Amino acid sequence: MRALEEELRVFCRESGQRAPARGTLYSFMAKAPTRRYEQARLPKAVREALYNVDPKASVPGHQLAFYCFNYGDVSAVSFAAGLPWLALFQAARMRGFRPRSRGLLEAVLRARGI
């Protein structure tokens with residue numbers, strides 16, 4: 001986060017703009033669109049974790065992480081742990097996690113420095 005803020009500060013200073021506040025950045029990151037994943041291209045364990053999602057639908061990264069951590073096996077959780085940081089950041093702010101699943105996600109966030 002500090003590196004991102006510094007990059008933005010430098011960019012804004014060079015372009016004559018005012019740098020955004022930290023709160024603005026966090027607000028943006030909570031709502032920024034994440035990559036969508038086509039279910040047909042996902043590993044079998046991950047598809048099985050998406051048990052009540054239309055198989056033809058594409059799934060946003062944060063929702064994929066939520067399902068993998070909550071309903072997936074070790075393979076699905078491993079896949080989710082490697083998702084881009086923004087998807088994990090947004091997933092951590094979702095409601096509905098089981099306590100042990102949230103603990104796994106928080107461990108991944110800590111290990112990856114997110």
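The values are calculated or read from the model by the stated rules, or taken from the named source; none is laboratory data. It should be emphasised that the depicted structure is a prediction, and the values quoted were computed from it without experimental measurement. Here the Cβ is made from the backbone with ideal geometry for all residues, glycine too, and neighbour counts use every protein chain on show. Heads up: the accessible areas ignore ligands, DNA and RNA and are worked out on the full protein's heavy atoms, side chains in. Shrake-Rupley method; radii C 1.70, N 1.55, O 1.52, S 1.80 Å.
Only one of the numbered conditions (1) aliphatic (A, V, I, L, M); (2) touching a residue at least 12 places away in the same chain (Cβ under 8 Å); (3) open to solvent by 60 Å² or more (accessible area, probe 1.4 Å); (4) out of contact with any helix residue (DSSP H, G or I) (no Cβ under 6 Å at 6 or more places or on another chain) is violated by LEU86, and that is (3).
Matching residues to (1) of a type in the set (Asp, Glu); (2) within 20 Å of GLY96 (Cα to Cα); (3) under 12 Å from the mean Cα position of the chain (by Cα):
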site	(1), (2), (3)
ARG13	no, no, no
THR34	no, yes, yes
ALA40	no, no, no
ALA49	no, yes, no
HIS62	no, yes, yes
ALA65	no, yes, yes
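Of all residues in region 60-97, which are farther than 19 Å from ALA45 by Cα and of a type in the set (D, E, K, R)? Passing the criteria: ARG93, ARG95. The test for being at positive phi and either without any contact (Cβ under 8 Å) to a residue 40 or more places away in the chain or buried (at least 18 other Cβ atoms within 10 Å of the Cβ) (or both) holds for GLY113.
Annotation note: Cβ proximity below 8 Å between a residue of region 35-49 that is open to solvent by 90 Å² or more (accessible area, probe 1.4 Å) and a residue that is assigned to a strand (DSSP E or B) (sequence gap 6+ or interchain) occurs for ARG35/PRO60; ARG36/SER58; ARG36/VAL59; ARG36/PRO60; GLU38/SER58.
When only residues in region 55-83 that are of a type in the set (A, V, I, L, M) and surrounded by 15 or more Cβ atoms within 10 Å (Cβ to Cβ) count, which is nearest to LEU4 (Cα to Cα)? Only one residue tops the list, namely LEU83. Closer than 26 Å to ALA3 by Cβ and at pLDDT 95 or above: is that true of LEU25 in this structure? The answer is no for LEU25.
Scanning region 17-33 finds one or more residues that are in contact with a Lys or Arg (Cβ under 9 Å, 6 or more places away or on another chain), open to solvent by 30 Å² or more (accessible area, probe 1.4 Å) and part of a helix (DSSP H, G or I). Filtering LEU64, LEU104 for residues that are in a helix (DSSP H, G or I), at pLDDT below 95 and in contact with a helix residue (DSSP H, G or I) (Cβ under 9 Å, 6 or more places away or on another chain) leaves a single hit, LEU104.
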